[in-house]
Amino acid sequence: MLGNLVLAFLIFSIVFSTLGDPRASTKVGTVTPSSLAEAAGLKAGDNILTIDGVPMTDFDQISAAVRASENKQIDILVARNGSQVDIFVTPALDASLGYVAIGYGPGFVRYNPFKAVWRALTFTGSYIVTYIKALPLLFTKRGVQSLTGPIGIARMTGEAAMSGFMSLLWLTGIISVAIGLTQLLPIPALDGGWVLFLLAEAVIRRRISPERQGTIQSIGLFALLGIMVLISIKDVAGIFIH
């Protein structure tokens, strides 16, 4: 688990000091073809100033404003070539992503090596907090729909690779954090399952027999494999549907 988090920290440090930080920018880096953003007239290079009159300071704030406006038209004020332009768009759930989006990628803010290391540390920490807060969503319909298995991850990795090496590095860092934290979930067959055994033994004040631990771990493993199979089926179906 710790190794995954350290790897993610190193990857983010490299990305922030070379390509830059996509979360700290209000500029539009890319616009997805045939997306809501493209249809509304958003262009690469636009600098997002406000959304419905609220000043925007970074990509996270912009993303939050978009996700909070599902199926509701918003007014995005952008700076373009010395003038200001209003972009009207209605955010909607992107089935391929699993969340509300309009279809654009942020620009980048590059840091010096020392600031990049600090930014990587704080970003990794904030992503951990975000992951923990999102855990309850797994028990909702949308949370289940957003789960991705090996096939979905391979698909995203392929798309990131086509976008460039740095995009692939960024995705690798995000996946590394997710894998590291998932290992801590209190589910048998994961590292968190062993922690659960230790807590249970502390409560009952006696050791759980190896045979019983093995049985519980086996049940947990088969349950995880079953879930993975179902998610993989969903990923395959998504390829043909989209």
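The length gained by stretching the chain between A200 and A95 to full extension, at 0.36 nm per residue less their Cα-Cα distance, is 33.8 nm. Packing here is the average count of other Cβ atoms within 10 Å per residue, and on that basis the peptides 87-93, 198-204, 31-37, highest first, run 87-93, 31-37, 198-204.
Over all other residues within a Cβ to Cβ distance under 13 Å of S63, the charged ones net out to -2, with Lys and Arg as +1 and Asp and Glu as -1. Other residues whose C-beta falls under 14 angstrom from the C-beta of R110 contribute a net charge of +3, scoring Lys and Arg +1 and Asp and Glu -1. Over all other residues within a Cβ to Cβ distance under 9 Å of N47, the charged ones net out to +1, with Lys and Arg as +1 and Asp and Glu as -1.
We did not get these values from a lab; they are worked out from the coordinates using the rules stated. Remember, it's a predicted structure, so these values are computed and weren't measured experimentally. Counting neighbours? That spans all protein chains shown, and the Cβs are built from the backbone with ideal geometry, glycine included.
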